[in-house]
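Q: My questions will all concern the structure given below.
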Amino acid sequence: MNTKAKDRLATGVFYAMAIIIVVVLFGLLSYILFHGLQRIDLQFITSPPEFMKAGGGVGPQLFNSLYLLVLTMLITLPLGLGGGIYLAEYAPKNKVTDIIRLSIEVLSSLPSIVVGLFGLMLFVNTMGWGYSILSGAFALTVFNLPLMVRVVEESLSSVPREQKEASFALGITHWATIRKVLLPVALPGILTGAILAAGRIFGEAAALLFTAGMSSPNLNFANWNPLDPASPLNPFRPAETLAVHIWKINSEGLIPDVREVADGASALLVITVLIFNIAARWFGKWLYRRLTAS
Amino acid sequence: MVNNEYALKTNDLNVFYGEKHAVKQLSIDFPRHTVTALIGPSGCGKSTYLRSLNRMNDLIEGAKVTGEIWFDGENVNHSAAHVRLLRKRIGMVFQKPNPFYKSIYENIAYGPRFHGVTSRKELDEIVESSLRKAALWDEVKDRLHHSALALSGGQQQRLCIARTLSLNPEILLLDEPASALDPISTSKIEELIQQLKVNYTIIIVTHNMQQAARISDQTAFFLMGELIELNDTNQIFTKPTRKETEDYITGRFG
């Protein structure tokens, strides 16, 4: 085979692979949306689930997913930024930081059910938070922190070294250089990491079964006092998320319309992730433009 | 400010990168408001020497600088010296133009703002005067709030010079500032250096012998980390006293 033919073959193979990926993706998406969209309406999105009869919704579960996302990111982002900045900018190259990096690698490959059981032990029992959004948020933080730290470290390290030199040569401190020069340039990478982490929060079920729990109390959406047990904002109440709900009704649901509710919830989950992705990217672009005048 | 004859002096300056002795016992005096060119083949230690003058070698792990750097009556090669203030007073421009990923205005205002200038009016003035001094104002005055990365390479380098000038330094360290630029941009930078030396003391590393001959008042020839010859530029290029210098400037090696 001559070089030209080889080149054509390679091109063909890559095209074929790209097509396979796109076909699988679109097949899955359209399957989920085709089955799920029939069920989704305002009533489905806002009303609570039924336990015995048909016609229930997933309102509290959708809210729980979003609230858990916010709480988890509130814990993960500062920790991830701090850890990533430390590793990229301050950590000396020695045994200790090698061990830290290795631990992060190992942590990122922990099965999520193990993270869930660890959360049960530490947050639910030892800390005494019970099955609660807070326990779930901390368990998901354990789950997402390695990813976040790595992404922040890599985004910062990929900023050209000349940028840092230029700032230092103006007599500017390390910390001001990180804030004003390095972080704005690293923002798109960090944002991609945060979006990936958020997607994992939406989709995660195993780590939440024993931490955020498999039930949702009767919520009063008019009660916004976070200390009240019936308030949706109370971080110490159990909170079944959409993903957990899909798993639960499929394995032990008693309602006659299990299939339809699961389909609808799946489609709703996909749509929520999609909207979140687009919104986050749009916001990131806007912020990057503002910070870099590009 | 002490108004003596020399803006900067080094005395027996050595730089080590780990085991490597990169700069050996260098003693050079830099007369105020003149241009000194540092020439020599790649790896001869001229950039390393330059980077130790504003303590940029502090950033490199395993680098050690010994000896004295006398600036404004003080030996600044000393852990107790105020490095940030030193870098403010001894500005540096790098080989590759490295504007920040910010607007042209913000590139200039960044340094002064950190060092305490807060009023918008004052910042506006600094931005304009710095850009004027770097002969860039007329080209960019209508797009101050556009990204600096959209400028051409030569404009970016003049922006970097303006950024350094915004802090009103006394000395400018230029590390091959024109080596990444086309001939027209290069001649603009050279012209600029001629104008700037009226107010600043300039030390420039260059690979370009003609450039050194055109713009500098004194020239130092480096070889393997040692200072071979230091003299008036005319002298060096017409009647070098050392064989190595002559071989280098006539292009027999390097």
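Q: Using a 7 Å offset from the Cα along the Cα-to-Cβ direction at both A:ASN94 and A:ASN225, what is the distance between the two label points in nm, to one decimal?
A: Between A:ASN94 and A:ASN225, the label points sit 5.4 nm apart.
Q: Here's another thing I want to ask about it. Applying 1/(1 + (r/R0)^6) with R0 = 60 Å to the Cβ-Cβ distance of B:ARG143 and A:MET52, what FRET efficiency is obtained, to the nearest 0.05?
A: Given R0 = 60 Å and the Cβ-Cβ separation, E is 0.30.
Q: Determine, from the Cβ-Cβ distance of B:HIS207 and B:THR250 and an R0 of 22 Å, the FRET efficiency 1/(1 + (r/R0)^6), rounded to the nearest 0.05.
A: E(calc), rounded to 0.05, equals 0.90.
Q: Defining a contact as two alpha carbons under 8 Å apart and six or more residues distant in sequence, what relative contact order in percent does chain B show?
A: 27 percent
Q: Only Lys, Arg, Asp and Glu count, each charged at its Cβ (+1, +1, -1, -1), so figure out the dipole size of the protein assembly as shown about its Cα centre, rounded to 20 debye.
A: Dipole of the protein assembly as shown, to the nearest 20 debye: 360 debye.
Q: I've got another one for you. In the protein assembly as shown, what % of DSSP beta bridges are antiparallel (nearest 5)?
A: 60 percent
Q: What percent do you get for the relative contact order of the range A:38-292 when only Cα pairs under 8 Å and 6+ apart count?
A: That works out to 26 percent.
Q: To continue, here is another question. Can you compute the FRET efficiency between B:GLU128 and A:GLU105 using 1/(1 + (r/R0)^6), with r the Cβ-Cβ distance and R0 = 56 Å? Round to the nearest 0.05.
A: Computed FRET efficiency for B:GLU128 and A:GLU105 comes out at 0.65.
Q: Quick one: Cα centre-to-centre distance for the range A:67-85 and the range B:1-57, in angstrom?
A: What the calculation gives is 46 Å, centre to centre.
Q: Follow-up question, since we're still on this one. How many angstrom lie between the C-alpha centres of the range B:205-254 and the range A:211-264?
A: 79 Å
Q: To the nearest 20 debye, what is the magnitude of the charge dipole of chain B about its Cα centre, counting +1 on the Cβ of each Lys and Arg and -1 on the Cβ of each Asp and Glu?
A: Charge dipole of chain B: 460 debye, to the nearest 20.
Q: Here is a further query. Just the number, please: percent antiparallel of the DSSP beta bridges in chain B, rounded to the nearest 5.
A: Counting only bridges with both partners in chain B, antiparallel ones make up about 60 percent.
Q: Could you work out how much longer the chain between A:THR272 and A:ASP7 gets when fully extended? Use 0.36 nm per residue separation minus the Cα distance between them, nm to one decimal.
A: Length gained between A:THR272 and A:ASP7: 91.2 nm.
Q: For a 25 Å ceiling on Cα separation, which of these pairs sit above it: A:LYS164/B:LYS64; A:LYS164/B:LYS88; A:LYS180/B:LYS121; A:LYS95/B:LYS24?
A: A:LYS95/B:LYS24
Q: Right, here's the next one. Could you list log10 I(q)/I(0) for the protein assembly as shown at q = 0.06, 0.08, 0.11 Å⁻¹, which the Debye formula gives when each Cα is one point scatterer?
A: Values, matching the q order: -0.47, -0.72, -1.00.
Q: Please list, short to long, the whole-number percent of alpha-carbon pairs of chain B in consecutive 10 angstrom bins beginning at zero.
A: Pair shares across the bins are 7, 31, 35, 21, 5, 0.
Q: Another one. Could you work out the mean count of beta carbons from other protein chains within 10 Å of each residue's beta carbon in B:94-103?
A: Neighbouring Cβ atoms belonging to other protein chains average 6 per residue here.
The numbers here are math on the coordinates, done by the rules we state, and not lab data. Just so it is clear, the structure is predicted and the values come from calculations on it, not from any experiment. Counting neighbours? That spans all protein chains shown, and the Cβs are built from the backbone with ideal geometry, glycine included.
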